[in-house]
Each structure stands twice: as C-alpha cells, then as structure tokens.
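The values are calculated or read from the model by the stated rules, or taken from the named source; none is laboratory data. Model, not experiment: these values are computed from the prediction. A quick note on method: Cβ atoms are made from the backbone with ideal geometry, for glycine too, and the neighbour counts reach across all protein chains shown.
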Amino acid sequence: MKNWFLLGMLMFFSRAIFAQTTPVAGGADTVRAARSGKDTVRPAGDTVKVAQQDSMAPRKKKFMPVPKTATRLAFIPGGGQIYNRDYWKLPIVYIAFGGGLYAYYLNSIKYKDYLDTYKSFYDLDKNSKNYGNVKIGLTPDSTKIVRVRNLLNTESEYLPATRDQAARGKNYWRRNRGFALIVSGFIYTLSIIEANVAAHLKTFDLSDDLSLRIEPKLNQPAMRTPTPGLRLVFDIK
C-alpha cells in the first residue's frame, strides 16, 4: 500500500513539472485579441507597446471657463452664455429680455398718447394769461379724442375721453412702463448672475475620483480630553 502511494505521488509531481516546462507554441507569451470576428495571436510585448502608445496619446483638454470673464461678457445680453458654451440658454435670455423691452416700448407709446390728450385740455401758451389752467370754454365733462397707437404705429384706435379719463389713462400706462422697465432690469441682472454661477459650476470636479472614507478621530468637539470617535473624510482629486 505504501509503494502504491509513493508511486502515485511521483506521477503527480512529474506531471506538474512537465506541464511547467512545456514550451508554448510561438516561443513567447501570447495575447488573444478578437478583430473582425477572428481570433489572432499577438505577442505580449506588442500589447504592452500598444498600451503605452494609447496612454501617451494626447487627450482633449476639458473646457474650464473663468467666472470673471463670463461675468464681464454677460454685460452684453447672452455673451456670458456663449462664453460658457451654454448655447441652449440663448433663446431663453433673448426672449425674456426682448419681451421686457417690448412691454416697455408699447407702454411708452400708449402713455404718450394719453399724455398728449391730457395736455390738450390745458392752455400751455406761455404768453397767455390763462397759462397752466384749463382752456376757456372747456368743462369737466368735455371730451377729446385719444389716438391710441399700436407697437408699429400702423393702426390706431380713437377713443373719447374726458380730462379725468385722460389723466387716469396716462397714469396707468406710466405705471406699466415703469414695471416693464423693472422687469427688464431684473432679467438683465439675472442673466449676468446665471453666467457667473454656471461658470463656477463647470469648474467643479464631478468625476469618479470623488470618494468618501471613514477615519478614526481622537479629539471630539466640546471634549476636553481625548475621546475616540469617527469622522467622514471626502477626497476631492
């Protein structure tokens, strides 16, 4: 029984030695690569060279905007968004800013129409003795025609109005004009802030290198003596 055991061990070790010393076809370590649906054999040395060439190939540098430059260019509506390469934001900026200017201009036209009608109730001749007062012959119920124009001044609407109605109309359109100006200024300021914030966000590292680990800590807040504890550490590479 002992002889059979020794014989089996001898055969096992001789087989292992033979497998380690058997040369591989080609005389070198080979690496299989699948190309065009066929298995080809390539020496391991060539694979290392290809890997080194791939690692040394120039990589396209990521665009990193400068927040100060984006803010300065944003003083031109849409300039900051173009610098940040956020081209999809341009229609939003231009439509919002253009809408505010449109409302301001339209309200300005209507305000001027009611203002001219309101002035027509008064004697504005500086050489007249009745200067600054309601024209002679006009009463509070007297009416005048107000020409209300559209944006392009292609059509007009003629409305009768008393002096008080003309005064209310001019005040109404003046308030709307002021509100449209405030909204336009707010949109303009918001576009500048957005360009600055977007430039800052593009400089943040959002790659997979961000990691979190737990480390021991001896000094704890509000503890006078060393106290064991844990802390969370963020690695931003």
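Report, by residue number, each residue of segment 84-111 that is surrounded by 15 or more Cβ atoms within 10 Å (Cβ to Cβ), out of contact with any Ser or Thr (no Cβ under 9 Å at 6 or more places or on another chain) and farther than 30 Å from H200 by Cβ. Answer for segment 84-111, where residues must be surrounded by 15 or more Cβ atoms within 10 Å (Cβ to Cβ), out of contact with any Ser or Thr (no Cβ under 9 Å at 6 or more places or on another chain) and farther than 30 Å from H200 by Cβ: L106, N107, S108, I109, K110, Y111.
In contact with a helix residue (DSSP H, G or I) (Cβ under 8 Å, 6 or more places away or on another chain) and exposed (fewer than 12 other Cβ atoms within 10 Å of the Cβ): does that describe T203? Answer is yes for this residue. Residues of segment 163-202 that are among the basic types (K, R) and either in contact with a Gly (Cβ under 8 Å, 6 or more places away or on another chain) or farther than 30 Å from K144 by Cβ (or both): K202 alone.
The rows are residues; the columns are (1) outside any helix (DSSP H, G or I); (2) in contact (Cβ under 8 Å) with a residue 24 or more places away in the chain; (3) more than 21 Å from V148 (Cβ to Cβ).
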| site | (1), (2), (3) |
| --- | --- |
| F75 | yes, yes, yes |
| G80 | no, yes, yes |
| W88 | no, no, yes |
| P91 | no, no, yes |
| L101 | no, yes, no |
| Y104 | no, yes, no |
| Y114 | no, yes, no |
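Only residues that are under 19 Å from Y105 (Cβ atoms) and surrounded by fewer than 15 Cβ atoms within 10 Å (Cβ to Cβ) were counted across segment 125-178, and they come to 13. Contact annotation: residue pairs with Cβ atoms under 7 Å, 6 or more positions apart or on different chains, pairing a residue in segment 145-156 that is of a type in the set (K, R) and in a strand (DSSP E or B) with a partner that is at pLDDT 80 or above and surrounded by 10 or more Cβ atoms within 10 Å (Cβ to Cβ), are R147/D113; R147/S156; R149/I109; R149/D113; R149/S156.
Checking the condition more than 28 Å from G100 (Cα to Cα) and surrounded by 12 or more Cβ atoms within 10 Å (Cβ to Cβ), which residue from Y114, Y122 passes?
Answer to the check: Y122.
Screening I187 on (1) of a type outside the set (F, W, Y); (2) at pLDDT 90 or above; (3) in contact with a Leu (Cβ under 9 Å, 6 or more places away or on another chain) shows it passes everything except condition (3). Based on this model, can you work out whether R175 counts as of a type in the set (K, R) and modelled with pLDDT under 95? Against the criterion (of a type in the set (K, R) and modelled with pLDDT under 95), R175 does not qualify.
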